[in-house]
1. Between their Cα atoms, which of A:395/B:57; A:57/B:401; A:230/A:285; B:81/B:333; A:230/B:58 are more than 22 Å away from each other?
2. Name the residue, out of B:394, B:81, B:380, whose mean-square fluctuation peaks in a Gaussian network model built on chain B with Cα pairs under 10 Å.
3. How much of the DSSP beta bridge set in chain B is antiparallel, as a percent to the nearest 5?
4. Please list, in order along region A:361-372, the HN-Hα scalar couplings obtained from phi with the Karplus expression 6.51 cos²θ - 1.76 cosθ + 1.60 (θ = phi - 60°), rounded to whole Hz, x for Gly and Pro.
5. List every residue whose amide H lies under 5 Å from the amide H of residue A:172, counting only residues 5 or more places away in sequence or on a different chain, with H placed 1.01 Å from N in the peptide plane.
6. Within region B:84-122, which residues have the backbone N less than 17 Å from the label spot 7 Å out from residue B:2 along Cα→beta-carbon, could you tell me?
7. Any aspartates and glutamates with Cα under 19 Å of the residue B:95 Cα? List them, leaving off those in the same chain fewer than 8 positions away.
8. Could you tell me which of rounded, prolate or oblate describes region B:1-82, using a ≥ b ≥ c as the square roots of the eigenvalues of the alpha-carbon gyration tensor, with rounded for a/c under 1.5 and, failing that, prolate when a/b is larger than b/c and oblate otherwise?
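The values are calculated or read from the model by the stated rules, or taken from the named source; none is laboratory data. A quick note: this is a predicted structure, and the numbers were derived from the prediction, not measured. Counting neighbours? That spans all protein chains shown, and the Cβs are built from the backbone with ideal geometry, glycine included. These accessible areas exclude ligands, DNA and RNA; they are computed on the full protein's heavy atoms, side chains included. Shrake-Rupley method; radii C 1.70, N 1.55, O 1.52, S 1.80 Å.
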There are 2 protein chains.
Amino acid sequence: MKGNILIAQSGGPTAVINSSCCGIIQQALKHPGQIGAVYGAVNGILGVLNEDMIDLKKEREETIELLRHTPSSALGSCRRKLTGNELERVMDVMKAHYIRYCLFIGGNDTMDTASKVDTLAKRQGYAMQVIGVPKTVDNDLVGTDHCPGYPSAARWLAIAVRDAGLDTQAIYTTDTVKIIETMGRNSGWLAAATALARDRACTPPHLIYLPERPFDRAKFLRDVERVYRKLGYAVIAVCEGLKDKKGQAISESRAKTDIDSFGHAQSGGVADILCRLITDQLGIKARFDKPGTIQRVSMVCASEVDLEESYLVGTAAMEMALEGKSGYMVTLKRPKGKKYRGATSMIELERVANVERLMPDEFVSEDGNDVTAEFLEWLKPLIRPGLPKYAHLKKVPVKKKLDVFYANR
Amino acid sequence: MKGNILIAQSGGPTAVINSSCCGIIQQALKHPGQIGAVYGAVNGILGVLNEDMIDLKKEREETIELLRHTPSSALGSCRRKLTGNELERVMDVMKAHYIRYCLFIGGNDTMDTASKVDTLAKRQGYAMQVIGVPKTVDNDLVGTDHCPGYPSAARWLAIAVRDAGLDTQAIYTTDTVKIIETMGRNSGWLAAATALARDRACTPPHLIYLPERPFDRAKFLRDVERVYRKLGYAVIAVCEGLKDKKGQAISESRAKTDIDSFGHAQSGGVADILCRLITDQLGIKARFDKPGTIQRVSMVCASEVDLEESYLVGTAAMEMALEGKSGYMVTLKRPKGKKYRGATSMIELERVANVERLMPDEFVSEDGNDVTAEFLEWLKPLIRPGLPKYAHLKKVPVKKKLDVFYANR
């Protein structure tokens with residue numbers, strides 16, 4: 001059946017959404033017999049509601065190709081849960097524009113919307129193939145080995161924490177404790193990835209706190225003091241979504257405008273709070289880096305695997321739709337074998353919608369303040385080409401000739 | 001006169017200090033007739049006080065070469081003002097180890113220390129060549145066109161703000177205002193550099209606030225509201241060191257441990273405070289990114305010019321010392337001509353010590369919330385190879401067929 005296609009992107013931007021979008025478009029253009037127009041919804045489902053769409057066939061070929069190396073979301077995104085009769089409105093727009101292939105790029109909220117659109121289309125007997133394309137730096141979608149967007153953000157954070165760790169190592173006599181706050185509302189995948197920064201024993205990060213374990217202030221202070229006593233400094237990665245044993249966020253939402261339409265509080269400020277805790281309770285100077293959205297959308301450290309796979313899930317989604325499949329999200333699976341090579345499969349949208357995949361127990365250290373070797377083995381193949389190589393001095397000491405010593409601060 | 005050399009690094013780390021260090025070492029090794037041992041002080045002047053030094057001739061050649069691409073400070077750094085009889089102790093250590101060439105890599109505090117060491121050596125009649133090697137992301141040293149370290153941090157920030165700006169552009173319906181906080185205690189050079197992120201009209205950053213102009217909350221809110229009304233979102237760069245017209249820092253130091261031994265308050269939190277101001281007063285959601293130390297020490301966006309020049313100032317410093325000069329800091333000058341090519345000169349240490357070079361008036365826009373075209377012309381040659389090229393869609397709208405419209409949030 002010949003028809004038009006609509007691409008919509010939702011949720012937080014990443015470095016590689018546009019690569020998926022490029023994959024969809026370039027694959028669609030290979031099937032002129034089946035596909036008419038290629039439309040993009042401006043700002044995701046909002047663009048559909050407002051009938052605000054752009055014609056992607058009017059773009060230059062080079063521009064489409066350049067999307068593979070352009071971060072964020074070129075079509076625009078949104079966080080918008082459909083309410084009232086908006087789902088019907090979406091269907092009206094689809095029908096008015098002969099949309100027969102509808103591809104939603106996003107996370108679990110997006111898959112919820114995609115699933116509802118698919119269900120209604122089927123109920124109304126309107127022939128439309130709805131396919132979800134996974135995307136989230138949070139890496140919290142079920143049914144897929146990992147999520148496009150995550151490996152690039154993971155690599156960015158690993159490099160940033162290694163660099164910021166070297167910074168603290170160099171100037172520890174002044175800046176003694178550094179906390180780096182990562183994204184992650186409920187899951188610690190991003191904070192966990194900072195463990196890749198370690199290139200030898202005792203190098204940063206020394207402690208990693210994940211929302212998968214209840215945060216205990218007293219234990220945290222003991223951990224920090226132990227590292228400080230051993231090394232003279234400490235570099236710590238914390239996830240923004242840390243919660244105490246009652247499930248209360250360490251950093252509570254400050255204002256009503258901080259809550260999105262799905263009811264999720266936009267947290268932040270954990271690192272700031274923990275720095276103050278360290279300074280007040282241990283009397284040690286602590287500072288924090290909060291790279292915020294830069295970590296999720298930066299292209300400079302993009303993983304080569306991620307760039308390839310995000311394109312791959314785009315082309316796979318288009319192929320699935322053309323084969324007449326609907327109501328599925330493309331997934332990535334990890335074939336057995338030494339050399340990593342991503343491959344795709346699929347899962348029903350309704351099984352993905354609104355479900356969050358947290359770090360499994362075997363990836364979190366027993367003490368709850370680190371990751372396991374198993375996690376690093378799982379992650380390493382995804383962040384090709386790995387981390388840059390830095391110089392390590394042997395530091396052969398010069399024999400002392402005097403006998404007066406000074407304090408080391 | 002044959003003698004040993006001592007290299008000491010002080011102050012905040014950068015991406016390219018080690019490149020200067022490498023320049024000094026490799027240049028020193030070319031003069032075996034004049035130079036005996038090559039020592040590095042561990043953690044700057046603290047290492048000298050503690051007679052804690054390493055023998056750099058014991059390092060592998062490849063390790064020394066790799067320093068050119070290793071960020072932070074491999075010898076370790078400190079922020080330590082000499083007090084009491086510590087200056088005499090420094091001289092005792094120099095004499096005990098036959099240090100005849102002493103090279104201090106650092107900013108204006110470091111040049112103060114270097115100047116005092118030079119003065120005392122001369123007074124004591126101890127033949128030692130003391131040369132300062134400029135280094136600071138703050139770009140606030142006088143007598144030099146710019147400071148090694150600054151171009152790399154500037155390029156990092158420009159790329160980060162472009163990426164984070166694309167992020168807000170894509171998801172502005174939820175994350176409406178974004179503030180990116182840059183370093184800069186008293187000078188706005190780093191915040192100013194974010195202006196490079198703009199690749200066409202109306203692209204981020206829309207507003208830039210520098211400590212060179214007193215910060216006015218009411219005017220700030222008017223500025224933000226104006227941009228928001230025009231574009232529907234706003235991306236703002238602010239310097240951590242913003243002060244009001246009474247000279248009071250917008251973000252005050254929180255604790256005594258936040259003040260370093262030079263008496264400088266370590267500020268931070270400006271972006272957080274301004275986000276709350278926007279949310280409270282304008283009712284718009286605002287979030288902030290505070291890349292913190294990552295901006296100053298990241299190697300992934302290092303400027304090629306900076307890598308070359310930081311090496312160059314190292315070799316020039318060594319040559320100056322060998323020529324018998326003492327009491328000078330190497331400077332970078334900008335030769336006339338179309339194609340930028342850095343060249344070195346020198347200035348007396350005492351003229352640099354403790355003096356801060358702020359952004360000149362011709363680099364700050366009249367309204368005080370942006371930079372001038374003149375500033376960008378000055379900066380551009382320093383951040384080679386510039387910024388990555390991204391796709392810009394033409395966004396040809398699809399003709400509407402329905403007549404119901406929805407709100408755009």
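1. B:81/B:333; A:230/B:58
2. B:394
3. 30 percent
4. Computed from phi, the couplings for region A:361-372 are 3, 5, 9, 10, 5, 4, 6, x, 10, 6, 9, 9 Hz.
5. Those lying under 5 Å, H to H, from residue A:172 are B:77.
6. Within reach of a label on residue B:2, which here means backbone N under 17 Å from a point 7 Å along Cα→Cβ, region B:84-122 contributes B:97-101.
7. A:403, B:51, B:52, B:55, B:86, B:118
8. Working: a/c = 2.07, a/b = 1.18, b/c = 1.76.
Here region B:1-82 falls in the oblate category.
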